[in-house]
Amino acid sequence: MRVLVVEDSARLQRSLGTALRKSGYAVDLAGDGEEGLWLAESHDYDVIILDIMLPKRDGLSVLTTLREHGKTTHVLLLTARDTVPDRVKGLRAGADDYLIKPFDLEELLARVQSLCRRAYGSKQAVIKVGDMELDTLGRRVKRGRYPIDLTAREYLLLEYLARRRGQVVTRAEIEEHIYDGQVDPMSNVVDSAICSVRKKLAVAGDEPLIHTRRGLGYALDQAAAEAPTT
Amino acid sequence: MISIRRQLTREMLVAFFVLLSGALVAVYFAARDELIEQFDDSLRAKVLAISSLTSNEGGRFQVDVRDRFFRSFHKDNPEDYFEIWSATGEAVARSDSLGGADLPQPDRPGRPRRVRLPNGHTGRALLLKFSPAQESGEHGEGETKPVLQLVVASDGESLAEALTELLSIGAASGVLLAGTMLWLIPRVLKRGLQPLALLGEQAAGIDADTLTTRFPTVGLAAELQPIVSRLNELLARLEISFERERRFSADLAHELRTPLAELRSLAECAIKWPESREAGADQEVLAVAMQMQTIVTNLLMLARSEHRQAVGPLVPVDIGLLVEDAWQSYRTLAEERGLKVRWEVASVIIPADAGLLRSIVGNLFENAADYAPSGSEVRVRLEHNATEVVLRVANHAEGLDPADVAKLFDRFWRKEEARTGGRHFGLGLPLARMFAQAMGWTLTAALDGQNQLEFTLVGPNPAKAN
């Protein structure tokens, strides 16, 4: 899952970046409204965390422009403005959530996670694919009775594939949602990560769950639904 | 608690009862005197009638009271009495109504006196000395006429009854009037004081959230107009004061939210992921704490200067020297940014609070050093005339439009409502203006057509004025 943080406080940017990356998100940072709008329009983020009082262009203007341009990315407004009229104004401008500073980091992460779930039309915390169970709240994966030990990035990859279960997910989409701007676009990080996750899943069960669609991408599903091109 | 209505009611009732009692007593005695006077007039008429009806027939005195007008002297209807004595004190005639008894003799003639009648009743009696008419001219010339003493008395029972009735009517009227007033006065006063009670109810409904309320003055009693005007003035002052405090709290809370969020997220990240703790984290925490301290200190200074608590004693200060000294703190920054400074400053001694003046000038210089475009010119000019000393600080202001100038002195106002690296909080200029006002000076800003922003600080120059 890829998150954009638009916040002019450098310290808050660093803290949010650290917290989100440690939680397995790919994170891009912007320090003003213009940069934030450019990034939001250039990439397909799962969630945007947006401050309101920003240099160059305020957060509400960024949000309104995004909505006008047809961007439906979930936006969480993170601001010091705490009055009810401020919240109403923010939500009416197209925000999906509103959090007031100072905030609890756990609450922010939970809200981001919730917005990510909503991004894929699912309210269920546990996704089952065959004998694999993926607990999005606890960020745990098990196959059968055996827990699978994944890195944060691997978990994120598996969750992204699980949320789009049965669909073909391209490498570009995976790069867009799982990796931030710090990753070299020419690298084969996606293939390496897929390979690593496959190996870890194979330890607990023989049936392959991640299938390669040659020339298209990857799909996560049970073997019965697997296409013959695998 | 003292109640005006109760107090007025009590005092009015006491006054009314005293006046009513006095009036009733006066009426009673006036009516009694009138009744007695009429009674005495009637007695005098009876005395004259009896004396004129008394005849002397050879030493025998006769009184003819057979007429129906004298029935009251008869024994069957005894209301009036008379008795006549000779000069020797011998009773020579008396009315039948006396039944042989004697009447008491008043000591002096001419004035009716209160007497006790033989039947035990009280009455009034009048003494008359007279000489009765001579029958058939039996005594010759030179014969002295006998002088008799006539006493006529009337029973006073009817008078006493009339007086008792008068007293009863007076007392009943008094009680009725007193009862009416007891019922009426409190109600009249209550109605009269209704606007005051209404005012009290309206005042009771005002709290910290409804300080915009004003008491209506239209149709108000003239006596209440000054009170209501003063109350409205008080409410206006309270509203301003509360608004100032509310704004202060809101501004403070709002401005502290971001550094608090920074501090909290720094701490939470360090606790949750200790391995990600950066080397300069403590410096970051200290910087956030210093930032919050600056905000709180500046806001408190603003609040104090709004209450005029900030200004100290005004002492002679060389403003030219102070301005040059204040620039030293910003000289390095100005040089780094390539700013050229044009000085037109001379030595002028004026009375001022040196600390506040330095703070004002420092804020103006900080703005110029931070916001003037790199390589541009900053002009500092000190003028003085007979009455004023004027300091002007001007620089080019990139991106500032005339509408922004009006907001320059608003608390927390920054162009684009954005923080600028934690150095400016939008408090410097409001603080400078408050300090200037606290000293009785003025600080204004103006933007000309070439986007030259000029701050003008004006103070009195009493040394020259004198």
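Among residues belonging to the range B:251-275 that are more than 20 Å from residue A:81 (Cβ to Cβ) and loosely packed, with under 15 Cβ neighbours inside 10 Å, point out the one that is nearest to the other protein chains (Cβ to nearest Cβ).
My answer is B:273.
Residues being farther than 21 Å from residue A:26 by Cα and either at pLDDT below 85 or not assigned by TED's automatic domain parsing to the domain that holds residue A:190 (or both): count how many of those fall in the range A:132-173.
Summing the residues that are farther than 21 Å from residue A:26 by Cα and either at pLDDT below 85 or not assigned by TED's automatic domain parsing to the domain that holds residue A:190 (or both) in the range A:132-173 gives 4.
Give just the number: which of (1) facing another protein chain (nearest Cβ under 9 Å); (2) out of contact with any strand residue (DSSP E or B) (no Cβ under 7 Å at 6 or more places or on another chain); (3) of a type in the set (A, V, I, L, M); (4) under 29 Å from residue A:190 (Cβ atoms) does residue A:66 not satisfy?
(1)
Return the residue satisfying two criteria in turn: it lies in the range A:119-139 and is under 16 Å from the mean Cα position of the chain (by Cα) and among the basic types (Lys, Arg), and of such residues it is nearest to the other protein chains (Cβ to nearest Cβ).
Here the residue is A:139.
Examine the range B:309-325 for a residue that is within 30 Å of residue B:212 (Cβ to Cβ) and out of contact with any Gly (no Cβ under 7 Å at 6 or more places or on another chain), and state whether such a residue exists.
So far as the range B:309-325 goes, yes, one or more of its residues are within 30 Å of residue B:212 (Cβ to Cβ) and out of contact with any Gly (no Cβ under 7 Å at 6 or more places or on another chain).
So, in the range B:162-194, exactly how many residues are surrounded by 15 or more Cβ atoms within 10 Å (Cβ to Cβ) and under 40 Å from the mean Cα position of the chain (by Cα)?
Counting residues in the range B:162-194 that are surrounded by 15 or more Cβ atoms within 10 Å (Cβ to Cβ) and under 40 Å from the mean Cα position of the chain (by Cα) gives 8.
Which one is nearest to the chain's Cα centre (by Cα) among residues in the range A:69-118 that are β-branched (Val, Ile, Thr), assigned to a loop (DSSP other than H, G, I, E, B) and surrounded by fewer than 17 Cβ atoms within 10 Å (Cβ to Cβ)?
Looking at the filtered set, the residue picked out is A:72.
Please verify whether residue B:297 is free of Cβ contacts under 8 Å to residues at least 24 places away in the same chain, among the hydroxyl-bearing types (Ser, Thr, Tyr), more than 24 Å from residue B:434 (Cβ to Cβ) and part of a helix (DSSP H, G or I), treating the condition exactly as stated.
no
Right, residue B:242: surrounded by 12 or more Cβ atoms within 10 Å (Cβ to Cβ), out of contact with any strand residue (DSSP E or B) (no Cβ under 7 Å at 6 or more places or on another chain) and not in a helix (DSSP H, G or I) or not?
no
When only residues in the range B:426-452 that are touching a Lys or Arg at 6+ places or on another chain (Cβ under 8 Å) and part of a loop (DSSP other than H, G, I, E, B) count, which is farthest from residue B:355 (Cα to Cα)?
Applying the filter and picking the extreme gives B:426.
Might you check whether a residue that is within 19 Å of residue A:9 (Cβ to Cβ) and in the same structural domain as residue A:31 (by TED's automatic domain parsing) occurs anywhere in the range A:64-76?
Yes, that holds for at least one residue.
If you scan the range B:185-231, which residues turn out to be among the hydroxyl-bearing types (Ser, Thr, Tyr), part of a helix (DSSP H, G or I) and touching a residue at least 12 places away in the same chain (Cβ under 8 Å)?
Hit for the range B:185-231 is B:229, nothing else.
How many residues, within the range A:15-60, are within 12 Å of another protein chain (Cβ to nearest Cβ), assigned to a helix (DSSP H, G or I) and over 18 Å from the mean Cα position of the chain (by Cα)?
The number of residues fulfilling the criteria is 4.
Residues checked against (1) closer than 21 Å to residue B:268 by Cα; (2) charged (D, E, K, R):
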{"site": "A:25", "(1), (2)": "yes, no"}
{"site": "A:44", "(1), (2)": "no, yes"}
{"site": "A:56", "(1), (2)": "no, yes"}
{"site": "A:70", "(1), (2)": "no, no"}
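Only one of B:352, B:369 is closer than 26 Å to residue B:298 by Cα, touching a residue at least 60 places away in the same chain (Cβ under 8 Å) and in contact with a strand residue (DSSP E or B) (Cβ under 9 Å, 6 or more places away or on another chain); which?
B:352
Could you tell me whether residue B:284 is facing chain A (nearest Cβ under 8 Å) and assigned to a helix (DSSP H, G or I)?
For residue B:284, the condition - facing chain A (nearest Cβ under 8 Å) and assigned to a helix (DSSP H, G or I) - is met.
Filter the range A:2-14 for residues that are within 9 Å of chain B (Cβ to nearest Cβ) and among the hydrophobic types (A, V, I, L, M, F, W, C); which is surrounded by the most Cβ atoms within 10 Å (Cβ to Cβ)?
Of everything passing the filter in the range A:2-14, A:12 is surrounded by the most Cβ atoms within 10 Å (Cβ to Cβ).
Quick one: how many residues across the range B:287-298 are more than 19 Å from residue A:108 (Cβ to Cβ) and either more than 47 Å from the chain's Cα centre (by Cα) or within 12 Å of chain A (Cβ to nearest Cβ) (or both)?
Here the count works out to 7.
With respect to residue A:89, is the statement that it is over 21 Å from residue A:180 (Cα atoms) and charged (D, E, K, R) true?
Answer is yes for this residue.
Could you identify the single residue in A:77, A:91, A:109 that is facing another protein chain (nearest Cβ under 10 Å) and at pLDDT 85 or above?
Among A:77, A:91, A:109, only A:109 is facing another protein chain (nearest Cβ under 10 Å) and at pLDDT 85 or above.
The values are calculated or read from the model by the stated rules, or taken from the named source; none is laboratory data. Note that this is a predicted model, so its numbers are computed, not measured. Note that we place each Cβ from the backbone using ideal geometry, even for glycine, and neighbour counts take in every protein chain shown.
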